[in-house]
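Enquirer: One structure is given below, represented as structure tokens, and several questions about it will come after.
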Amino acid sequence: MLHPAAGLALNEVDDRSFRRLAERVYADCGIVLSDGKRNLVTSRLARRLRDLGLADFDAYCQFVESPDGTEERRRMISLLTTNVTKFFREAHHFASLETEVLPPLAKRARAGGRVRIWSAGCSSGQEPYSIAVTVRKVMPEAAQHDVRILGTDIDPEMIRVGRAAVYPDAGDAQIPPEMRRLMFGPGPAGDAARPIAPELRALVTLTELNLMQDWPMRGKFDVIFCRNVVIYFDAPTQARLWSRFAEVLAPGGFLFVGHSERVSGPSASLFAPAGVTQYRRL
Ligand SMILES: C[S@@+](CC[C@H](N)C(=O)[O-])C[C@H]1O[C@@H](n2cnc3c(N)ncnc32)[C@H](O)[C@@H]1O
């Protein structure tokens with residue numbers, strides 16, 4: 001069925017609406033929707049138009065831009081973000097965390113010091129829980145010390161899944177068997193999904209945070225994972241983010257980025273390469 005005005009298939013995003021939505025998404029969360037993403041916008045949002053009883057994308061734009069549209073804007077961002085993740089993704093980072101990064105931090109924690117790790121853009125929690133199990137391996141008594149892992153994401157649905165902490169991908173071959181034993185508690189009999197062990201949940205706090213907005217956290221981080229997040233941002237937005245990470249990372253602290261990402265821009269001089277897609281704050 002064709003849209004009467006534009007000659008488009010009903011609920012296909014028209015040029016003007018696509019540009020309006022792309023501007024809105026960029027302003028709200030830094031994600032760049034290039035022309036190639038038009039089909040993605042149509043396919044991910046068409047159902048919302050139907051559910052809301054809206055005739056076309058023009059009406060949807062008007063709604064999300066209206067004072068009543070604040071909640072729908074969050075929903076739209078949630079639908080347009082790519083949340084792909086998995087336990088122990090880019091496994092070399094966890095090897096480095098275990099052997100190089102955590103041992104001195106464990107020493108500090110045992111001497112009464114504070115250790116903070118941030119998984120920024122953590123999606124549904126597999127990344128912060130992979131960090132937590134690595135911490136537990138290095139420091140089995142971590143929960144008795146001042147050691148915390150913060151996971152944040154813009155997408156409230158991903159934070160909800162991460163807090164529920166029950167994963168059907170518990171059997172993922174990527175998870176080293178030793179880590180799998182430490183990572184999960186027993187699931188209901190016959191159910192392949194397994195809950196994260198309470199000892200790990202106690203180390204991890206998951207909360208909604210848009211990286212483009214103010215960061216309420218006080219105190220510096222020793223380690224930041226921000227992987228496969230900035231890939232959706234343009235160069236100026238990436239450069240701003242690197243300099244903000246530099247501000248909140250303790251001297252000597254580590255920054256891990258995704259396999260296709262690099263620290264760039266003016267603040268690159270504040271970081272020294274310290275491994276594959278791994279940096280150290282100078
Ligand atoms: C592809 S996932 C990466 C997850 C995990 N870091 C990993 O590497 O497996 C990207 C995540 O970044 C989040 N994201 C995108 N823009 C964001 C923003 N402005 N603030 C916070 N999170 C954002 C998305 O919601 C999504 O969950």
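Enquirer: Sorted from fewest to most neighbouring beta carbons within 10 Å, what does the list Asp172, Asp155 look like? Intermediate results must be reported in sequence, preceding the final value.
Expert: Values: Asp172 14, Asp155 25.
By the 10 Å Cβ count, ascending, the order reads Asp172, Asp155.
Enquirer: Dipole of the chain, Cα-centred, from +1 at each Lys and Arg C-beta and -1 at each Asp and Glu C-beta, to the nearest 20 debye? Kindly include the intermediate steps, with their values, before the conclusion.
Expert: Working: 37 positive and 33 negative charges, 188 e Å.
Using Cβ point charges on Lys, Arg, Asp and Glu, the chain gives about 900 debye.
Enquirer: Continuing with this model, one more query. So which lysines can Lys86 reach, going by Cα to Cα under 22 Å and dropping same-chain residues fewer than 8 places off?
Expert: Excluding near neighbours in sequence, the set is Lys137.
Enquirer: Taking the range 111-252 on its own, what percent of its Cα-Cα pair distances exceed 18 Å? Each step should come with its number before you reach the end.
Expert: Values: 5820 of 10011 pairs.
Counting pairs separated by more than 18 Å, the tail of P(r) holds 58 percent.
Enquirer: Now a separate question. Can you pull the percent of Cα pairs in the range 115-171 with separation above 14 Å?
Expert: Details: 883 of 1596 pairs.
Across the range 115-171, Cα pairs with separations above 14 Å total 55 percent.
Enquirer: While we're on this one: Within 10 Å, Cβ to Cβ, of Arg148, how many net charges do the neighbouring residues add up to if Lys/Arg are +1 and Asp/Glu are -1? Don't jump to the answer; show the numbers that get you there.
Expert: Values: positive: Arg114, Arg116; negative: Asp146.
My count for the surroundings of Arg148 gives +1.
Enquirer: Kindly provide the helix-only [θ] at 222 nm of the chain, computed as the sum of -39,500 (n - 2.57) over DSSP H runs of four or more divided by all residues, to the nearest 500 deg cm²/dmol?
Expert: On the way: 11 runs with 112 residues, N = 282.
Per the formula, -11500 deg cm²/dmol.
Enquirer: Return the whole-Å distance between the Cα centroid of the range 202-252 and the Cα centroid of the range 55-133.
Expert: 10 Å
Enquirer: Sticking with this one: Sorted from largest to smallest, which semi-axis lengths in Å does the alpha carbon gyration tensor of the chain give for its equivalent ellipsoid, taking the root of 5 times each eigenvalue? Numbers along the way, then the final one.
Expert: Values: eigenvalues 279, 106, 47 Å².
Ellipsoid semi-axes (Å, largest first): 37, 23, 15.
Enquirer: Positive end of the charge dipole of the range 15-80 (Lys, Arg +1 and Asp, Glu -1 on Cβ, about the Cα centre): tell me which of Cys61, Val41, Tyr26 has its Cα farthest that way.
Expert: Val41
Enquirer: Moving on. Using a simple charge model, +1 on the beta-carbon of Lys and Arg, -1 on the beta-carbon of Asp and Glu, nothing else, what dipole does the range 15-80 show about its Cα centre, in debye to the nearest 20?
Expert: With Lys and Arg at +1 and Asp and Glu at -1, about 260 debye.
Enquirer: Would you mind ranking Met179, Met158 so that the residue whose beta carbon has the fewest other beta carbons within 10 Å leads the list?
Expert: Values: Met179 19, Met158 22.
Starting with the residue having the fewest Cβ neighbours, the order is Met179, Met158.
Enquirer: Taking K and R as +1 and D and E as -1, what net charge do the other residues with C-beta under 9 Å from the C-beta of Asp14 add up to? Kindly include the intermediate steps, with their values, before the conclusion.
Expert: Details: positive: Arg16; negative: Glu12, Asp15, Asp56, Asp58.
Computed value for this residue: -3.
Enquirer: Would you mind ranking Glu157, Glu12, Glu247 by Cβ crowding within 10 Å, fewest neighbours first? If you can, show how the numbers build up before the last one.
Expert: Values: Glu157 16, Glu12 20, Glu247 12.
So the ranking, lowest neighbour count to highest, is Glu247, Glu157, Glu12.
Enquirer: Can you pull a Stokes-Einstein diffusion coefficient for the range 216-282 at 10 °C (1.306 mPa s), Rh from Kirkwood over Cα pairs, as a whole number of µm²/s? Don't skip to the answer; put the middle values down first.
Expert: Details: Rh = 11.8 Å.
Here the translational diffusion coefficient equals 135 µm²/s.
Enquirer: Taking the range 170-268 as the region of interest, what is the percent of Cα-Cα pairs per 5 angstrom bin, listed from the shortest bin to the one with the maximum distance?
Expert: Bin by bin from 0 Å, the calculated values are 2, 10, 15, 18, 16, 12, 13, 9, 3, 1, 0.
Enquirer: Could you work out the equivalent-ellipsoid semi-axes for the range 15-80, taking the square root of 5 times each eigenvalue of the Cα gyration tensor, largest first, in whole Å? Please list the in-between numbers first.
Expert: On the way: eigenvalues 53, 38, 23 Å².
Over the Cα atoms of the range 15-80, the semi-axes work out to 16, 14, 11 Å.
Enquirer: Once every Cα of the range 59-124 carries one equal point scatterer and solvent is ignored, give the base-10 log of I(q)/I(0) from the Debye formula at q = 0.12, 0.23, 0.26 Å⁻¹, two decimals.
Expert: -0.58, -1.02, -1.12
Enquirer: What are the ³J(HN,Hα) couplings of the range 271-276, residue after residue, when phi is run through the Karplus curve with 6.51, -1.76, 1.60 and θ = phi - 60°? Round to Hz, x for glycine and proline.
Expert: Taking θ as phi minus 60°, the curve returns 10, 10, x, 9, x, 6 Hz for the range 271-276.
Enquirer: For the range 145-214, give the magnitude of the charge dipole about the Cα centre (Cβ charges: +1 Lys/Arg, -1 Asp/Glu; no others), in debye to the nearest 20.
Expert: 300 debye
FYI, it's all coordinate maths here, none of it is from the lab. Because the structure is predicted, anything quoted here is derived from the model rather than measured. Note that each Cβ is placed from the backbone with ideal geometry, even for glycine, and that neighbours are counted across all protein chains shown.
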